[in-house]
Amino acid sequence: MEIIETIKNSLTIWTKNKETKKIAVILFILQFGLGLISIGAHAYFLGDAFSSCCSFDENPFEMSQEKLNVNLMLVPIVLLYSIISLFFYFKIILVALKQFSVKTPELKTKKFVKAIVAMAVSYFGAIFSVFEKKFLLIPLAIIALVIADFSVVLPNEFVLPTAFVLGGLLIAYLIVIIRAVVRLVFSVPVILTSDADIAEAVSESWKITKGKELKMFIAFATLIVISSVVSYVFMFIFSNIFQQIGTSNSVGIAFSILIGLITSAISVWYTVSNNYLIAIFYKELKEN
């Protein structure tokens, strides 16, 4: 029940804060604007082929050279969008903590850069098991098995057991990474609310989350599942509607704009709620 109440608070409390709602609108405009730029670029450069890449049935792993070229052209714009979005991402955490009566400083350039580096260090530390070196044996075993599989022709009776072992190791490694990411999620809030350096922030996050990772994982995963299901339902419904209408270029553009509106709104809703969830847990753990 406590987890349900925490998730409910993360979904509703931010709607009572004017500053957070303003940031949410800015994030929506940024994301939808990026989507419009992408749609315009693809429609212009792909021409009649654009409608075929708007289908819900399109294989995301298949990409024509023309579409790849357009995506590469958009990389600088996406990078700029990412930097601006990160600023507002961190801003939401500060506003949320302030709403929970936590003293927060202004988000200045130096602190913003430190927060980005802390986030990168956290993911790097999670992937390479920096804080729990015993788990580093798992990726090493995976690499060893893959190398053996490519360099040695295994007898047929060993192929299936090796595949099962490799699959089990991959699942175990994924669990290790997710657990580490959850335990390091407060590196950014520590940077934003104190004068701690990056190493101190990462260590502080690791320390205060000890024994709390399962509860936090359930809450974060629940938000992801909710937003994913809602997004998938809308995409499925409107994709089927537009497929009934036709597959002309204009229909493809209209479909892309509508889906962009929906996914941008859901993405912003998830981002704000997720950041409020981080703020709720951070305040709770710091007080305990």
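Values quoted throughout were computed directly from the atomic coordinates according to the rules given, and no laboratory measurement underlies them. The shown structure was predicted, so the numbers you read here are calculated from the model rather than taken from an experiment. Backbone-built Cβ (ideal geometry, glycine too); neighbour counts: all protein chains shown.
In a DSSP loop and with at most 10 other Cβ atoms within 10 Å, the trypsin sites (Lys or Arg not before Pro) in region 207-242 are Lys210.
Estimated at 0.36 nm per residue, the fully extended path between Lys98 and Lys210 surpasses their Cα-Cα distance by 37.8 nm.
Spin-label model, Phe128/Asn69: points 7 Å from Cα along the beta carbon direction are separated by 3.8 nm.
The distance linking region 87-143 with region 253-288 is 17 Å (Cα centroid to Cα centroid, whole angstrom). Computed from backbone phi with θ = phi - 60° and the Karplus coefficients 6.51, -1.76 and 1.60, the 3J(HN,Hα) list for region 220-228 is 5, 5, 4, 4, 5, 4, 4, 5, 5 Hz; x is used for glycine and proline.
Listed from fewest to most Cβ neighbours within 10 Å, the set Thr222, Thr109, Thr12 follows the order Thr109, Thr12, Thr222. Here the convex hull built on the C-alpha positions of region 168-207 has a volume of 54 cubic angstrom per residue. Per-residue Karplus couplings for region 22-39, computed as 6.51 cos²θ - 1.76 cosθ + 1.60 with θ equal to phi - 60°, are listed in order as 5, 5, 4, 5, 4, 4, 5, 4, 4, 5, 5, x, 4, x, 5, 4, 5, 4 Hz, Gly and Pro entered as x.
Taking label positions 7 Å along the Cα-Cβ direction at both Met235 and Glu106, the computed distance is 4.1 nm, reported to one decimal. In this label model, Lys16 and Val165 are separated by 5.7 nm, measuring between points 7 Å along each Cα→Cβ vector.
Please arrange Ile138, Ile13, Ile237 by counting, for each residue, the other beta carbons lying within 10 Å of its beta carbon, fewest first. Don't skip to the answer; put the middle values down first.
Values: Ile138 20, Ile13 17, Ile237 12.
Final ranking by Cβ density, sparse to dense: Ile237, Ile13, Ile138.
Counting neighbouring Cβ atoms within 10 Å and putting the fewest first, the residues Val229, Val130, Val188 line up as Val229, Val130, Val188.
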